[in-house]
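**Q** Questions regarding the structure given below will be posed in turn.
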Amino acid sequence: MKPDDALELRPGQSTELLKELHILTREGRINQDSRRKLKQVYHLYQFIEKLLLELPAAPDRPTLADHGAGKSYLGFILYDLFFRPRGCGHIYGVETRSELVERSRALAARLGFERMSFLNLSAAAAADETALPDTIDVVTALHACDTATDDAIAFGLRKKARFMVLVPCCQAELAACLRQNKALSLSRTPLAELWRHPLHTRELGSQITNVLRCLYLEASGYQVTVTELVGWEHSLKNELILARWTGQRRHSAAQRLRALLAEFGLESLEARRYPGLP
Ligand SMILES: C[S@@+](CC[C@H](N)C(=O)[O-])C[C@H]1O[C@@H](n2cnc3c(N)ncnc32)[C@H](O)[C@@H]1O
């Protein structure tokens, strides 16, 4: 291994895992194409590690559910660096593509990562899945498509998550509602100019969706911070929403959320997306 490569690997880290994830070549060198991916996942790892360290120690904890897990890069790195050395806790990957679930299961079995489970489920169905425990400490959703982030939030609320770490992806649901009511909105308010052009409808739709998500979390007892996911420059979707359970449900956030829905003619979304609003 070149000294440069060694710097990027952590003590005790499974080189076998990194080879399987194609981050290391068969010869054990850092794959140049994957160097960036490794940096990104480390960045998120460092962020999540701090949250995991805040959780009370218990034999079967921490528990973490990753929605829209894909190839489970994040889950595997978290397990290898945090869960494996501690010998406790469990990671659940939730993913709709069965081939990715099978692949992750096989890889976890090969590496002996016993406390990882992969569920071939949608984020929406996961809350009712009996294979998952009643409470989950940390919910993550990294570029989970469209409304999967909303489903991950609903899951986190049901499972009384202590933390939710969300990097939303593209979002189409709200933009479709904006589009539907466009003519009416344009006649009603000059603000509708903000979503008159299709590109703006899409972008504003994403922006409002994330604002509403934050308000919903605040109304549901979470403290929310929104930052940029550093190192994710290649992606336009690099907004990181961190929700930390405090138990203080903010009524003003619920009021604001409803006012925003009314302002944009989106009241029909309340029952579907924000059913727990006080
Ligand atoms: C853009 S990929 C991100 C994968 C991974 N989180 C990452 O960042 O490398 C989104 C993944 O979410 C999955 N997905 C899409 N909708 C989903 C849903 N409703 N529930 C669970 N998984 C979903 C897709 O199959 C895909 O693997």
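**Q** Roughly speaking, what is the centre-to-centre gap between segment 46-121 and segment 187-259 when only Cα atoms are used, to the nearest Å?
**A** 28
**Q** Still on this structure, I have one more. Enter the angle in degrees (range 0 to 90, nearest 10) between the Cα long axis of helix 198-219 and the first principal axis of the Cα atoms of the chain, meaning the one along which they spread out most.
**A** 80
**Q** Relative contact order for the chain using alpha-carbon pairs under 8 Å, separation at least 6, rounded to a whole percent? Let's see the in-between values first.
**A** Details: 435 pairs, mean separation 37.9, N = 278.
The normalised contact order for the chain reaches 14 percent.
**Q** How long are the semi-axes of the equivalent ellipsoid of the chain, defined as square roots of 5 times the Cα gyration tensor eigenvalues? Whole Å, largest first. Each step should come with its number before you reach the end.
**A** Details: eigenvalues 257, 93, 52 Å².
The answer is 36, 22, 16 Å, longest axis first.
**Q** Picking from Asn31, Ala106, Ser268, whose Cα lies most toward the positive end of the charge dipole for the chain (charges on Cβ: Lys, Arg +1; Asp, Glu -1)?
**A** So the residue we want is Ser268.
**Q** Lys50: which lysines have alpha carbons under 27 Å from its alpha carbon, excluding same-chain residues fewer than 8 sequence positions away?
**A** Lys19, Lys37, Lys39, Lys71, Lys159, Lys160, Lys237
**Q** Identify, among Ala183, Ser220, Leu199, the residue whose Cα sits farthest towards the positive end of the charge dipole of segment 158-231, taking +1 on the Cβ of Lys and Arg and -1 on the Cβ of Asp and Glu, with the dipole about the Cα centre.
**A** Ser220
**Q** Determine the relative contact order of segment 5-129: mean sequence separation of Cα pairs under 8 Å and six or more apart, normalised by residue count, in whole percent. Numbers along the way, then the final one.
**A** Numbers: 141 pairs, mean separation 26.4, N = 125.
Worked out over segment 5-129, it gives 21 percent.
**Q** Report the residue, chosen from Asn210, Asn120, Asn181, that carries the largest GNM mean-square fluctuation when the chain is represented by alpha-carbon nodes joined by springs under 10 Å.
**A** Asn181
**Q** A further question on this structure: What does the extension gain come out to for Ala271 and Asp60, with contour length at 0.36 nm per residue minus their alpha carbon separation?
**A** Details: separation 211, 0.36 × 211 = 75.96 nm, distance 3.50 nm.
Contour length minus Cα-Cα distance gives 72.5 nm.
**Q** Does anyone have the angle between helix 251-263 and the longest principal axis of the chain? Alpha-carbon axes, 0 to 90°, nearest 10?
**A** 60
FYI, it's all coordinate maths here, none of it is from the lab. What you see is a predicted model, and the numbers here were worked out from it, not measured in a lab. All Cβ positions, even for glycine, are placed from backbone atoms using ideal geometry, and neighbour counts span all protein chains on display.
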